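Working notes, structure below.
The values are calculated or read from the model by the stated rules, or taken from the named source; none is laboratory data. Computed from a prediction, not measured in an experiment: that's the story for all the values here. Here the Cβ is made from the backbone with ideal geometry for all residues, glycine too, and neighbour counts use every protein chain on show.
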């Protein structure tokens with residue numbers, strides 16, 4: 001009996017000693033937008049969840065990480081990190097609220113965590129984004145699918161892989177997971193081909209939507225009009241290239257870029273079509289005023305050069321001055337010295 005009691009006392013003392021081990025909380029990484037010199041607090045079941053408790057401010061180690069010695073004698077720790085109040089509490093990678101950290105101690109003496117975002121500052125490294133089309137034109141046929149097309153799928157306007165999911169709202173959804181190759185998405189919506197692409201409220205094409213990964217997890221978009229249903233309020237102008245340099249690579253596409261598309265040199269919406277007679281052409285909506293433009297083969301290194309100065313140059317077109325413009329390209333920037 002005495003031996004059994006002694007054994008029980010020994011076990012009790014061992015458990016008590018284990019529960020009194022010093023536990024260190026280590027925060028190794030913070031979001032890039034964390035304000036310099038921020039005070040990092042922890043609030044939990046050990047301090048009545050006080051987000052600004054001055055007794056629970058982390059210290060910074062010379063190696064850069066933050067640490068704090070947690071109270072002894074607590075077998076299960078529940079806590080969250082803040083910058084001093086509940087509006088600045090930590091969030092997940094996409095800036096959403098998270099459940100409290102929960103650690104049950106056994107033989108551990110260190111708890112390591114990372115802060116993914118701050119709720120008041122938003123995310124910096126969200127690995128996904130959902131595009132939500134909240135509204136489509138009334139003219140949209142109910143049986144038509146909507147596709148998202150862009151620099152992530154070679155601007156294929158009707159790929160089944162990028163068909164948006166229709167909900168009962170009715171809204172359309174598509175979620176992208178982060179692509180380490182593409183930091184920025186460029187995209188447009190179609191109903192399966194470029195003859196049924198979205199346009200602005202006046203029926204005029206625009207360059208593209210843009211999104212940079214990391215800062216939000218939902219993008220809401222309204223499609224204003226479709227090119228095949230738009231009422232043209234102005235005529236078109238057609239640019240026809242009748243002559244190109246003999247050394248132009250046969251399979252290279254030719255683009256028109258200018259003030260109308262933020263000078264993007266590889267805009268699939270402004271790629272010229274090769275005609276059976278060897279000419280290249282593209283038709284564009286006329287507007288008011290004028291536009292600057294030039295031709296290239298997909299980059300500014302492959303842009304046309306002035307036949308006299310042999311340097312890159314821009315052309316000018318005054319809207320409504322003509323419905324057809326004939327052009328001759330004498331040299332390309334990357335081939336002029338070859």
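Residue count for the stretch 34-45, restricted to those that are surrounded by fewer than 18 Cβ atoms within 10 Å (Cβ to Cβ) and under 20 Å from residue 23 (Cβ atoms): 1. Taken together, the residues in the stretch 298-310 that are in a loop (DSSP other than H, G, I, E, B) and either in contact with a strand residue (DSSP E or B) (Cβ under 7 Å, 6 or more places away or on another chain) or at pLDDT below 90 (or both) amount to 6.
Inspect the stretch 171-182 for any residue being at pLDDT below 90, more than 20 Å from the chain's Cα centre (by Cα), on the phi < 0 side of the Ramachandran plot and exposed (fewer than 15 other Cβ atoms within 10 Å of the Cβ) and give the result as yes or no. Looking for residues that are at pLDDT below 90, more than 20 Å from the chain's Cα centre (by Cα), on the phi < 0 side of the Ramachandran plot and exposed (fewer than 15 other Cβ atoms within 10 Å of the Cβ), one finds none in the stretch 171-182, hence no. Test residue 95 against the stated conditions and say whether it is modelled with pLDDT of 90 or more, surrounded by 13 or more Cβ atoms within 10 Å (Cβ to Cβ) and outside the structural domain of residue 209 (by TED's automatic domain parsing). The answer is no for residue 95. From the list 252, 228, 247, the lone residue that is in a loop (DSSP other than H, G, I, E, B), in contact with a helix residue (DSSP H, G or I) (Cβ under 7 Å, 6 or more places away or on another chain) and surrounded by fewer than 17 Cβ atoms within 10 Å (Cβ to Cβ) is 228. Only one entry of 219, 244 meets the criterion of being more than 14 Å from residue 146 (Cα to Cα) and touching a strand residue (DSSP E or B) at 6+ places or on another chain (Cβ under 6 Å), and that entry is 219. When residue 263 is tested against (1) surrounded by fewer than 17 Cβ atoms within 10 Å (Cβ to Cβ); (2) modelled with pLDDT under 90; (3) in the same structural domain as residue 303 (by TED's automatic domain parsing), only condition (2) is not met.
Among the residues of the stretch 108-126, are any in a strand (DSSP E or B), buried (at least 20 other Cβ atoms within 10 Å of the Cβ) and modelled with pLDDT under 90? Yes, the stretch 108-126 contains at least one residue that is in a strand (DSSP E or B), buried (at least 20 other Cβ atoms within 10 Å of the Cβ) and modelled with pLDDT under 90.
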